[in-house]
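The values are calculated or read from the model by the stated rules, or taken from the named source; none is laboratory data. Because the structure is predicted, anything quoted here is derived from the model rather than measured. Backbone-built Cβ (ideal geometry, glycine too); neighbour counts: all protein chains shown. For the accessible areas, the whole protein counts, side chains as well, though only heavy atoms, and no ligand, DNA or RNA atoms are used. Shrake-Rupley method; radii C 1.70, N 1.55, O 1.52, S 1.80 Å.
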Amino acid sequence: MTNHTSTSRTPNPAETTDVFAAVTEQPKHGFFNRLYTGTGAIDVIGKRRMWYLITAAIILISLGSMIFRGFNFGIDFEGGSRIQFPAQGASTSQVEEVYRSAIGSDPVSVQTVGSGGNATILIRSEALNRDQVDTLNNALFTKFQPKGKDGNPSRAAISASDVSETWGSQITRKALIALAVFLVLVAVYIAVRFEPHMAIAALAALVFDVTVTAGVYSLVGFEVSPATVIGILTILGFSLYDSVVVFDKVEENTRGILHLNRRTYGEQANLAVNQTLMRSINTALIGILPIVGLMVIAVWMLGVGTLKDLALVQLVGLLVGTYSSIFFATPLLVSIKERWGPVARHTDKIKAKRAGVASARAGVEAERRATAATGRYGDEPRRSREPGQAPRPGARPSGKRQKRRN
(Lines give C-alpha, C1' and ligand atoms only; values in the text may rest on other atoms or scores of the structure.)
Protein backbone atom coordinates (compact mmCIF):
# COMPACT_ATOMS: atom_id res chain seq x y z
CA MET A 1 0.00 0.00 0.00
CA THR A 2 1.43 3.28 -1.06
CA ASN A 3 2.13 5.76 1.71
CA HIS A 4 0.77 9.19 0.78
CA THR A 5 1.63 10.78 4.11
CA SER A 6 2.52 14.47 3.77
CA THR A 7 5.46 15.75 5.82
CA SER A 8 5.10 19.46 5.05
CA ARG A 9 4.63 22.02 7.79
CA THR A 10 3.85 25.70 8.11
CA PRO A 11 7.08 27.64 7.63
CA ASN A 12 8.38 29.71 10.51
CA PRO A 13 8.54 33.38 9.48
CA ALA A 14 11.73 33.73 11.45
CA GLU A 15 13.27 31.00 9.30
CA THR A 16 12.38 32.61 5.98
CA THR A 17 14.95 34.30 3.86
CA ASP A 18 16.31 37.30 5.72
CA VAL A 19 16.92 40.22 3.38
CA PHE A 20 19.20 41.70 5.99
CA ALA A 21 21.39 38.59 6.35
CA ALA A 22 24.97 39.40 7.21
CA VAL A 23 27.62 39.06 4.56
CA THR A 24 29.95 36.11 5.02
CA GLU A 25 32.70 37.26 7.34
CA GLN A 26 36.06 37.79 5.74
CA PRO A 27 39.16 36.48 7.49
CA LYS A 28 40.56 39.09 9.85
CA HIS A 29 44.15 40.19 9.43
CA GLY A 30 46.51 41.77 11.89
CA PHE A 31 47.07 45.50 12.25
CA PHE A 32 50.44 45.56 10.49
CA ASN A 33 49.13 43.41 7.64
CA ARG A 34 46.23 45.80 7.08
CA LEU A 35 48.59 48.76 7.44
CA TYR A 36 50.91 47.41 4.76
CA THR A 37 48.13 46.40 2.36
CA GLY A 38 46.19 49.63 2.91
CA THR A 39 42.90 47.97 3.87
CA GLY A 40 41.94 50.31 6.68
CA ALA A 41 44.24 49.78 9.64
CA ILE A 42 43.69 53.33 10.95
CA ASP A 43 40.36 55.14 11.05
CA VAL A 44 41.74 58.61 10.35
CA ILE A 45 38.57 60.21 9.01
CA GLY A 46 36.22 58.65 11.55
CA LYS A 47 38.34 59.99 14.41
CA ARG A 48 39.15 63.33 12.83
CA ARG A 49 37.88 65.29 15.83
CA MET A 50 40.61 63.71 17.90
CA TRP A 51 43.22 64.67 15.28
CA TYR A 52 41.80 68.20 15.18
CA LEU A 53 42.29 68.49 18.93
CA ILE A 54 45.87 67.22 18.68
CA THR A 55 46.58 69.61 15.80
CA ALA A 56 45.06 72.55 17.69
CA ALA A 57 47.16 71.72 20.77
CA ILE A 58 50.35 71.63 18.67
CA ILE A 59 49.51 74.98 17.08
CA LEU A 60 48.73 76.60 20.43
CA ILE A 61 52.03 75.40 21.91
CA SER A 62 53.93 76.70 18.87
CA LEU A 63 52.21 80.09 18.93
CA GLY A 64 52.68 80.39 22.69
CA SER A 65 56.39 79.70 22.37
CA MET A 66 56.79 82.25 19.56
CA ILE A 67 54.90 84.91 21.55
CA PHE A 68 56.47 84.40 24.98
CA ARG A 69 59.92 82.95 24.20
CA GLY A 70 60.60 84.51 20.85
CA PHE A 71 63.40 83.42 18.51
CA ASN A 72 67.13 83.12 18.83
CA PHE A 73 68.09 85.14 15.77
CA GLY A 74 71.59 84.72 14.43
CA ILE A 75 74.08 87.44 13.68
CA ASP A 76 72.74 87.77 10.15
CA PHE A 77 69.45 89.07 11.55
CA GLU A 78 70.64 90.84 14.68
CA GLY A 79 73.82 92.32 13.22
CA GLY A 80 77.23 92.25 14.88
CA SER A 81 80.85 91.27 14.32
CA ARG A 82 82.37 87.98 13.18
CA ILE A 83 85.98 87.07 14.06
CA GLN A 84 87.61 83.93 12.70
CA PHE A 85 91.10 82.42 12.95
CA PRO A 86 92.76 78.96 12.67
CA ALA A 87 92.05 76.83 15.75
CA GLN A 88 95.43 75.03 15.97
CA GLY A 89 94.57 73.48 19.33
CA ALA A 90 92.64 76.40 20.81
CA SER A 91 89.47 75.49 22.70
CA THR A 92 86.23 77.47 22.81
CA SER A 93 86.51 77.98 26.57
CA GLN A 94 89.98 79.53 26.18
CA VAL A 95 88.72 81.84 23.43
CA GLU A 96 85.82 82.93 25.60
CA GLU A 97 88.22 83.85 28.41
CA VAL A 98 90.39 85.92 26.07
CA TYR A 99 87.35 87.69 24.61
CA ARG A 100 86.00 88.41 28.10
CA SER A 101 89.28 89.88 29.31
CA ALA A 102 89.76 91.99 26.14
CA ILE A 103 86.23 93.32 25.63
CA GLY A 104 84.74 93.03 29.11
CA SER A 105 81.64 91.11 28.05
CA ASP A 106 80.68 87.68 26.80
CA PRO A 107 80.55 86.85 23.09
CA VAL A 108 77.28 85.79 21.49
CA SER A 109 78.77 82.43 20.51
CA VAL A 110 82.10 80.71 20.03
CA GLN A 111 82.29 77.51 18.02
CA THR A 112 84.81 75.32 16.23
CA VAL A 113 84.17 74.96 12.49
CA GLY A 114 85.73 72.06 10.62
CA SER A 115 88.13 69.45 11.93
CA GLY A 116 91.79 68.56 11.91
CA GLY A 117 94.23 71.00 10.41
CA ASN A 118 91.41 72.93 8.69
CA ALA A 119 89.55 73.67 11.92
CA THR A 120 88.85 77.32 12.68
CA ILE A 121 87.42 79.23 15.61
CA LEU A 122 84.38 81.38 14.81
CA ILE A 123 83.44 84.16 17.24
CA ARG A 124 80.11 85.93 16.94
CA SER A 125 79.61 89.03 19.03
CA GLU A 126 77.74 92.28 19.21
CA ALA A 127 78.92 95.03 16.89
CA LEU A 128 82.49 96.06 17.82
CA ASN A 129 84.15 99.32 16.88
CA ARG A 130 87.60 99.55 15.33
CA ASP A 131 89.46 99.91 18.63
CA GLN A 132 87.67 96.93 20.16
CA VAL A 133 88.45 94.79 17.12
CA ASP A 134 92.15 95.75 17.28
CA THR A 135 92.29 95.01 21.02
CA LEU A 136 90.63 91.61 20.53
CA ASN A 137 92.91 90.70 17.61
CA ASN A 138 96.03 91.53 19.63
CA ALA A 139 94.80 89.48 22.58
CA LEU A 140 94.00 86.50 20.36
CA PHE A 141 97.34 86.68 18.56
CA THR A 142 99.25 86.93 21.82
CA LYS A 143 97.46 83.95 23.32
CA PHE A 144 97.20 81.50 20.39
CA GLN A 145 99.82 82.67 17.82
CA PRO A 146 97.72 81.62 14.77
CA LYS A 147 99.81 80.76 11.74
CA GLY A 148 99.28 82.07 8.24
CA LYS A 149 99.60 80.24 4.93
CA ASP A 150 103.38 80.28 5.12
CA GLY A 151 103.31 78.46 8.44
CA ASN A 152 104.52 81.39 10.51
CA PRO A 153 102.51 83.26 13.17
CA SER A 154 100.70 86.19 11.59
CA ARG A 155 98.06 88.71 12.63
CA ALA A 156 96.65 88.42 9.10
CA ALA A 157 95.41 84.94 10.03
CA ILE A 158 92.75 86.63 12.17
CA SER A 159 89.91 87.99 10.06
CA ALA A 160 87.12 90.28 11.29
CA SER A 161 83.98 91.43 9.52
CA ASP A 162 80.84 93.36 10.39
CA VAL A 163 77.34 92.09 9.55
CA SER A 164 74.46 94.54 9.29
CA GLU A 165 70.98 93.53 10.43
CA THR A 166 69.58 95.03 7.23
CA TRP A 167 70.98 92.07 5.33
CA GLY A 168 68.93 89.66 7.42
CA SER A 169 65.82 91.82 7.05
CA GLN A 170 66.27 91.80 3.27
CA ILE A 171 66.50 88.01 3.30
CA THR A 172 63.36 87.79 5.41
CA ARG A 173 61.43 90.13 3.13
CA LYS A 174 62.44 88.23 0.02
CA ALA A 175 61.59 84.93 1.70
CA LEU A 176 58.11 86.18 2.58
CA ILE A 177 57.55 87.34 -1.00
CA ALA A 178 58.69 83.96 -2.29
CA LEU A 179 56.40 82.22 0.19
CA ALA A 180 53.37 84.28 -0.89
CA VAL A 181 54.02 83.62 -4.58
CA PHE A 182 54.52 79.93 -3.84
CA LEU A 183 51.21 79.66 -1.96
CA VAL A 184 49.30 81.43 -4.74
CA LEU A 185 50.75 79.15 -7.41
CA VAL A 186 50.02 76.09 -5.29
CA ALA A 187 46.41 77.14 -4.72
CA VAL A 188 45.84 77.75 -8.42
CA TYR A 189 47.42 74.46 -9.45
CA ILE A 190 45.49 72.30 -6.99
CA ALA A 191 42.21 74.11 -7.70
CA VAL A 192 42.62 73.48 -11.44
CA ARG A 193 44.09 69.98 -11.22
CA PHE A 194 41.75 68.73 -8.47
CA GLU A 195 39.16 71.08 -6.95
CA PRO A 196 39.04 74.27 -4.83
CA HIS A 197 38.25 72.39 -1.61
CA MET A 198 41.48 70.44 -1.93
CA ALA A 199 43.38 73.69 -2.48
CA ILE A 200 41.98 75.07 0.79
CA ALA A 201 42.98 71.92 2.69
CA ALA A 202 46.48 71.90 1.17
CA LEU A 203 47.10 75.56 2.03
CA ALA A 204 45.91 74.98 5.59
CA ALA A 205 48.40 72.10 5.89
CA LEU A 206 51.23 74.29 4.58
CA VAL A 207 50.42 77.04 7.09
CA PHE A 208 50.39 74.39 9.83
CA ASP A 209 53.82 73.13 8.73
CA VAL A 210 55.39 76.58 8.77
CA THR A 211 53.82 77.49 12.12
CA VAL A 212 54.90 74.29 13.88
CA THR A 213 58.43 74.34 12.43
CA ALA A 214 58.88 77.92 13.58
CA GLY A 215 57.40 77.00 16.97
CA VAL A 216 59.86 74.15 17.41
CA TYR A 217 62.76 76.50 16.66
CA SER A 218 61.43 78.94 19.24
CA LEU A 219 60.75 76.23 21.81
CA VAL A 220 64.17 74.56 21.76
CA GLY A 221 66.13 77.74 21.06
CA PHE A 222 67.63 76.82 17.68
CA GLU A 223 69.45 79.73 16.09
CA VAL A 224 67.52 81.25 13.19
CA SER A 225 69.86 81.85 10.27
CA PRO A 226 69.40 82.42 6.52
CA ALA A 227 69.79 78.65 6.13
CA THR A 228 66.74 78.23 8.36
CA VAL A 229 64.65 80.40 6.05
CA ILE A 230 65.86 78.43 3.02
CA GLY A 231 65.09 75.15 4.80
CA ILE A 232 61.52 76.23 5.59
CA LEU A 233 60.88 77.00 1.92
CA THR A 234 62.34 73.61 1.05
CA ILE A 235 60.09 71.59 3.35
CA LEU A 236 56.99 73.21 1.91
CA GLY A 237 57.68 71.40 -1.33
CA PHE A 238 57.80 68.04 0.43
CA SER A 239 54.60 68.72 2.36
CA LEU A 240 52.82 69.75 -0.82
CA TYR A 241 54.03 66.63 -2.63
CA ASP A 242 52.73 64.35 0.11
CA SER A 243 49.34 66.10 0.22
CA VAL A 244 48.95 65.92 -3.58
CA VAL A 245 49.69 62.18 -3.54
CA VAL A 246 46.93 61.58 -0.99
CA PHE A 247 44.50 63.90 -2.80
CA ASP A 248 45.12 62.08 -6.08
CA LYS A 249 44.11 58.80 -4.43
CA VAL A 250 41.09 60.45 -2.81
CA GLU A 251 39.96 61.71 -6.23
CA GLU A 252 40.38 58.22 -7.68
CA ASN A 253 38.42 56.52 -4.89
CA THR A 254 35.59 59.06 -4.82
CA ARG A 255 35.05 59.28 -8.58
CA GLY A 256 31.31 58.71 -9.16
CA ILE A 257 30.62 58.35 -5.43
CA LEU A 258 27.39 60.38 -5.69
CA HIS A 259 25.83 57.68 -7.88
CA LEU A 260 26.58 54.90 -5.39
CA ASN A 261 24.74 54.13 -2.17
CA ARG A 262 27.13 51.79 -0.38
CA ARG A 263 29.89 54.02 0.96
CA THR A 264 30.24 57.68 1.89
CA TYR A 265 32.79 60.20 0.67
CA GLY A 266 34.51 60.11 4.05
CA GLU A 267 34.86 56.32 4.00
CA GLN A 268 36.40 56.38 0.54
CA ALA A 269 38.76 59.18 1.61
CA ASN A 270 39.80 57.15 4.66
CA LEU A 271 40.54 54.22 2.37
CA ALA A 272 42.70 56.53 0.23
CA VAL A 273 44.66 57.67 3.30
CA ASN A 274 45.32 54.07 4.31
CA GLN A 275 46.31 53.11 0.78
CA THR A 276 48.92 55.88 0.68
CA LEU A 277 49.95 55.66 4.34
CA MET A 278 52.88 53.32 3.86
CA ARG A 279 54.05 55.35 0.88
CA SER A 280 54.07 58.51 3.01
CA ILE A 281 55.93 56.75 5.82
CA ASN A 282 58.51 55.23 3.47
CA THR A 283 59.02 58.57 1.71
CA ALA A 284 59.57 60.29 5.06
CA LEU A 285 62.07 57.64 6.19
CA ILE A 286 63.99 57.88 2.92
CA GLY A 287 64.06 61.65 3.27
CA ILE A 288 65.22 61.51 6.90
CA LEU A 289 68.19 59.22 6.20
CA PRO A 290 70.22 61.73 4.11
CA ILE A 291 69.33 64.49 6.58
CA VAL A 292 70.71 62.41 9.45
CA GLY A 293 73.78 61.70 7.35
CA LEU A 294 74.15 65.42 6.68
CA MET A 295 73.97 66.17 10.39
CA VAL A 296 76.50 63.45 11.26
CA ILE A 297 79.05 64.31 8.58
CA ALA A 298 78.64 68.08 8.29
CA VAL A 299 78.01 68.91 11.93
CA TRP A 300 79.81 66.34 14.07
CA MET A 301 82.70 65.59 11.73
CA LEU A 302 83.20 68.84 9.79
CA GLY A 303 81.53 71.27 12.17
CA VAL A 304 79.81 73.31 9.44
CA GLY A 305 77.25 75.39 11.33
CA THR A 306 75.31 76.49 8.24
CA LEU A 307 74.61 72.89 7.24
CA LYS A 308 73.51 72.17 10.80
CA ASP A 309 70.81 74.83 10.60
CA LEU A 310 69.66 73.54 7.23
CA ALA A 311 69.57 69.92 8.41
CA LEU A 312 67.64 70.75 11.57
CA VAL A 313 64.88 72.65 9.82
CA GLN A 314 64.54 69.94 7.18
CA LEU A 315 64.33 67.21 9.80
CA VAL A 316 61.62 69.03 11.76
CA GLY A 317 59.73 70.03 8.62
CA LEU A 318 59.80 66.51 7.19
CA LEU A 319 58.19 65.03 10.28
CA VAL A 320 55.61 67.82 10.54
CA GLY A 321 54.78 67.61 6.83
CA THR A 322 54.17 63.87 7.03
CA TYR A 323 51.82 64.35 9.96
CA SER A 324 49.84 67.16 8.32
CA SER A 325 49.33 65.34 5.01
CA ILE A 326 47.90 62.27 6.77
CA PHE A 327 46.10 63.52 9.86
CA PHE A 328 45.14 67.08 8.95
CA ALA A 329 44.82 67.82 5.22
CA THR A 330 42.51 64.95 4.22
CA PRO A 331 40.29 65.08 7.36
CA LEU A 332 39.88 68.83 6.77
CA LEU A 333 38.92 68.15 3.16
CA VAL A 334 36.23 65.66 4.25
CA SER A 335 34.87 68.09 6.85
CA ILE A 336 34.57 70.81 4.21
CA LYS A 337 32.90 68.48 1.69
CA GLU A 338 30.41 67.11 4.22
CA ARG A 339 29.47 70.57 5.48
CA TRP A 340 27.34 71.47 2.44
CA GLY A 341 26.72 70.57 -1.20
CA PRO A 342 25.98 67.27 -2.94
CA VAL A 343 28.48 65.29 -0.87
CA ALA A 344 26.72 66.36 2.34
CA ARG A 345 23.32 65.31 0.94
CA HIS A 346 24.76 62.00 -0.27
CA THR A 347 26.26 61.29 3.15
CA ASP A 348 22.97 62.08 4.93
CA LYS A 349 21.08 59.78 2.56
CA ILE A 350 23.42 56.86 3.21
CA LYS A 351 23.30 57.40 6.96
CA ALA A 352 19.49 57.46 6.88
CA LYS A 353 19.42 54.27 4.82
CA ARG A 354 21.77 52.54 7.23
CA ALA A 355 19.67 53.66 10.16
CA GLY A 356 16.61 52.10 8.53
CA VAL A 357 18.42 48.83 7.86
CA ALA A 358 19.67 48.75 11.44
CA SER A 359 16.12 49.31 12.71
CA ALA A 360 14.81 46.49 10.51
CA ARG A 361 17.56 44.18 11.72
CA ALA A 362 16.67 45.00 15.30
CA GLY A 363 12.99 44.18 14.61
CA VAL A 364 13.80 40.82 13.04
CA GLU A 365 16.15 39.95 15.90
CA ALA A 366 13.49 40.87 18.45
CA GLU A 367 10.98 38.63 16.67
CA ARG A 368 13.44 35.76 16.68
CA ARG A 369 14.04 36.12 20.38
CA ALA A 370 10.30 36.22 21.03
CA THR A 371 9.81 33.06 18.97
CA ALA A 372 12.54 31.22 20.79
CA ALA A 373 11.18 32.28 24.20
CA THR A 374 7.44 31.58 23.68
CA GLY A 375 7.45 28.93 20.98
CA ARG A 376 5.03 31.00 18.91
CA TYR A 377 5.33 32.18 15.36
CA GLY A 378 4.75 35.86 15.40
CA ASP A 379 1.56 36.78 17.30
CA GLU A 380 -0.39 33.62 16.34
CA PRO A 381 -0.77 31.24 19.34
CA ARG A 382 -0.65 27.45 18.94
CA ARG A 383 -4.10 25.84 18.90
CA SER A 384 -4.72 22.24 19.91
CA ARG A 385 -7.11 20.10 17.78
CA GLU A 386 -10.41 19.14 19.33
CA PRO A 387 -11.38 15.43 19.41
CA GLY A 388 -12.91 14.40 16.10
CA GLN A 389 -11.71 17.57 14.38
CA ALA A 390 -9.97 17.18 11.03
CA PRO A 391 -6.24 17.84 11.12
CA ARG A 392 -4.86 21.05 9.75
CA PRO A 393 -3.81 20.95 6.12
CA GLY A 394 -0.26 19.72 5.83
CA ALA A 395 -0.07 18.47 9.44
CA ARG A 396 1.87 15.28 10.15
CA PRO A 397 -0.47 12.40 11.17
CA SER A 398 -0.19 11.10 14.71
CA GLY A 399 1.54 7.80 15.45
CA LYS A 400 -1.66 5.74 15.92
CA ARG A 401 -3.23 7.04 12.74
CA GLN A 402 0.00 6.35 10.89
CA LYS A 403 0.03 2.74 12.07
CA ARG A 404 -3.65 2.28 11.16
CA ARG A 405 -2.93 3.53 7.63
CA ASN A 406 -0.06 1.15 7.23
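List the GluC sites (Glu not before Pro) within the range 45-99 that fall in a DSSP loop (any state other than H, G, I, E or B) and whose Cβ has at most 16 other Cβ atoms within 10 Å.
none
Measuring from centroid to centroid over Cα atoms, what is the spacing of the range 79-140 and the range 305-354 in Å?
48
Could you do me a favour and compute the accessible area per residue for the range 239-299, 1.4 Å probe, result in Å²? Before the final figure, lay out the partial values.
Numbers: 2910 Å² over 61 residues.
Per residue, the range 239-299 has an accessible area of 48 Å².
Please give the per residue accessible area of the range 80-163, computed with a probe of 1.4 Å over protein heavy atoms only, in Å². Intermediate results must be reported in sequence, preceding the final value.
Details: 4620 Å² over 84 residues.
Normalised by residue count, the accessible surface of the range 80-163 is 55 Å².
Accessible area of the range 80-163 with a 1.4 Å probe: how many percent of it is carbon plus sulfur?
43
For the range 80-163, what class follows from the C-alpha gyration tensor (a ≥ b ≥ c being the square roots of its eigenvalues): rounded when a/c is under 1.5, otherwise prolate if a/b is larger than b/c, else oblate?
Verdict is prolate for the range 80-163.
For the pairs 174/249; 47/308; 143/308; 249/308; 47/353, note any where the Cα-Cα span goes beyond 26 Å.
From 174/249; 47/308; 143/308; 249/308; 47/353, over 26 Å: 174/249; 47/308; 143/308; 249/308.
Ignoring ligands, DNA and RNA, how do 354, 124, 262, 155 rank by accessible area with a 1.4 Å probe, largest first?
Correct descending sequence by accessible area is 262, 155, 354, 124.
Taking the Cα-to-Cβ direction at residue 127 and at residue 68 and moving 7 Å from each Cα, how far apart do the two end points lie in nm?
3.3
Sort 213, 166 by heavy-atom solvent-accessible area, probe 1.4 angstrom, most to least.
Final ranking, largest accessible area leading: 166, 213.
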